[in-house]
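Some notes on the structure that comes next.
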Amino acid sequence: EVASFLASKQGLVEFVQARGVSADKAKACLSDVKAMEKLETITNTGVKDFKIQGTPTFVINGVTVENTASWDALKPKLFAAGA
């Protein structure tokens with residue numbers, strides 16, 4: 001409930017509504033403790049194992065790939081990795 005309240009106060013609900021997500025769905029998502037815990041685990045793994053410090057950061061085949069801020073820079077690296 002705290003996350004949903006804070007999201008409402010900071011305009012997150014309106015932000016996602018403008019992108020086609022209903023307020024009820026946004027609030028339900030923000031109330032899903034298991035999903036938040038899973039997201040926290042994924043985030044912590046990214047920081048610890050791959051030294052991710054911001055976005056965009058891509059990990060391809062277990063390797064953090066540098067200089068991927070644009071599609072033109074990322075695309076050849078994905079193809080080289082077998083995508």
Self-check item: Identity of the residue in segment 57-83, of a type outside the set (A, V, I, L, M, F, W, C) and modelled with pLDDT under 90, that ends up farthest from Ile42 (Cα to Cα)
Solution: Asn67
Exercise. Kindly provide the set of residues from segment 26-40 that are out of contact with any helix residue (DSSP H, G or I) (no Cβ under 8 Å at 6 or more places or on another chain) and not charged (D, E, K, R), ordered by number.
Key: Ala28, Val33, Leu39
Quiz item: Which condition number in (1) over 30 Å from Val65 (Cα atoms); (2) open to solvent by less than 80 Å² (accessible area, probe 1.4 Å); (3) among the aliphatic types (A, V, I, L, M) is the one that Val33 fails?
Solution: (2)
Self-check item: Residues (outside any helix (DSSP H, G or I), within 29 Å of Val2 (Cβ to Cβ) and either in contact with a Gly (Cβ under 7 Å, 6 or more places away or on another chain) or charged (D, E, K, R) (or both)) located in segment 29-65
Solution: Asp32, Ile52
Self-check item: Residue list for segment 38-66, restricted to those being free of Cβ contacts under 8 Å to residues at least 12 places away in the same chain, over 18 Å from Ala83 (Cα atoms) and not charged (D, E, K, R)
Solution: Leu39, Thr41, Ile42, Thr43, Asn44, Thr45, Val47, Gln53, Gly54, Thr55
Quiz prompt | Given (1) on the phi < 0 side of the Ramachandran plot; (2) over 16 Å from the mean Cα position of the chain (by Cα), number of the condition Gly20 does not satisfy | solution = (1)
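The values are calculated or read from the model by the stated rules, or taken from the named source; none is laboratory data. Just so you know, these numbers come straight off a predicted model, no measurement behind them. For neighbour counting, all protein chains shown are included, and Cβ atoms are generated from backbone atoms with ideal geometry for every residue, glycine included. Calculation scope for accessible area: heavy atoms of the full protein, side chains included, ligands and nucleic acids excluded. Shrake-Rupley method; radii C 1.70, N 1.55, O 1.52, S 1.80 Å.
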